[in-house]
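Bear in mind these aren't lab numbers, they're just calculated from the coordinates by the rules spelled out. Being a predicted model, the structure only gives us computed values, none of them experimental. No Cβ is skipped: glycine too gets one built from the backbone with ideal geometry, and neighbour counts run over all protein chains shown.
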Amino acid sequence: MFQVGTKKSLTNMKSVIIFLSLFLVGHTSYCQDWVSVGSDADGGKWYIKSTYVKKDGFGNLGDNIRIWTKKELKKTTIKKNGKSLTYTNVKELQLIVADCTDRKIKFVTTTVYNSQGKVIDSYTLEDYEQEWHDVVPDSMGEAILDKICELFN
């Protein structure tokens with residue numbers, strides 16, 4: 001395909017390198033869809049999705065932002081059928097609503113995955129079950145709310 005030492009081979013090689021570079025850069029940015037928020041005292045890593053689901057309010061100007069969050073936990077315990085089951089290296093995805101004006105969060109749905117990606121727990125709160133919670137100062141909840149409001153409000 002390429003002959004060493006010819007101008008054509010150098011031009012072709014440059015084209016291949018440029019194509020691969022652009023492909024890899026584009027692929028890397030596509031994979032970067034979670035924004036790191038920080039780590040907690042137990043070593044859990046917290047993220048928010050780089051795009052929100054929707055803003056509630058008038059048009060796109062609402063203060064309530066529906067967004068996915070992700071926790072990567074080294075260990076968690078889930079109660080099922082009266083038993084406590086402990087899992088390691090789990091991922092928890094939560095759909096939340098953040099209110100940047102009143103500094104509150106409410107939870108909509110949660111899904112927990114084991115280290116193999118299998119769902120081990122999942123629940124969704126009905127509208128009437130969803131309650132606004134004040135964000136505790138200096139907590140991971142406050143860090144999540146701050147990052148959401150910084151990026152999307």
**OP:** Measure up Lys75/Lys104; Lys55/Lys80; Lys74/Lys147; Lys55/Lys79; Lys54/Lys80 against 31 Å on the Cα-Cα distance and list the ones that go over.
**Re:** Lys55/Lys80; Lys55/Lys79; Lys54/Lys80
Subject >> Near-label residues of the stretch 68-93 by backbone N, under 17 Å of a point 7 Å along Cα→Cβ of Ser115 >> reply: 72-78, 85-92
Subject >> Residues Trp68, Trp34 arranged by fewest to most Cβ contacts within 10 Å >> reply: Trp34, Trp68
Subject >> Cα→Cβ-extended label distance, 7 Å offset, between Asn89 and Asp102, nm >> reply: 4.2 nm
**OP:** Give the relative contact order (percent, whole number) for the stretch 37-153; include only Cα pairs under 8 Å separated by 6+ residues.
**Re:** 20 percent
Subject >> Candidate aspartates and glutamates - alpha carbon under 15 Å from Lys91, same-chain residues fewer than 8 apart omitted >> reply: Asp40, Asp42, Glu72, Asp121
Original post:
Within a Cβ distance under 15 Å of Thr111, other residues only, what is the Lys/Arg minus Asp/Glu net charge?
Top reply: +3
Original post:
What list of ³J(HN,Hα) values in whole Hz, one per residue of the stretch 131-147 in order, does the Karplus curve 6.51 cos²θ - 1.76 cosθ + 1.60 (θ = phi - 60°) give from phi, with Gly and Pro shown as x?
Top reply: 10, 6, 10, 5, 8, 6, x, 6, 10, 5, x, 5, 4, 5, 4, 4, 5
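Counting other beta carbons within 10 Å of each residue's own, what order do Ile48, Ile105 fall into, fewest first? Spell out each step's value before the answer.
On the way: Ile48 24, Ile105 19.
The most exposed by this proxy come first: Ile105, Ile48.
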Original post:
Around Asp134, with a cut-off of 15 angstrom between Cβ atoms, what is the net charge of the other residues, counting Lys and Arg +1 and Asp and Glu -1?
Top reply: -3
Subject >> Asp146 paired with Leu125, simple spin-label distance in nm, labels 7 Å along Cα-to-beta-carbon >> reply: 2.3 nm
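Using a cut-off of 13 Å between beta-carbons, work out the net charge of the residues near Ser84 (Lys and Arg +1, Asp and Glu -1, Ser84 not included). Walk me through the intermediate numbers first.
Working: positive: Lys75, Lys79, Lys80, Lys83; negative: Asp121.
Once positives and negatives cancel, what remains is +3.
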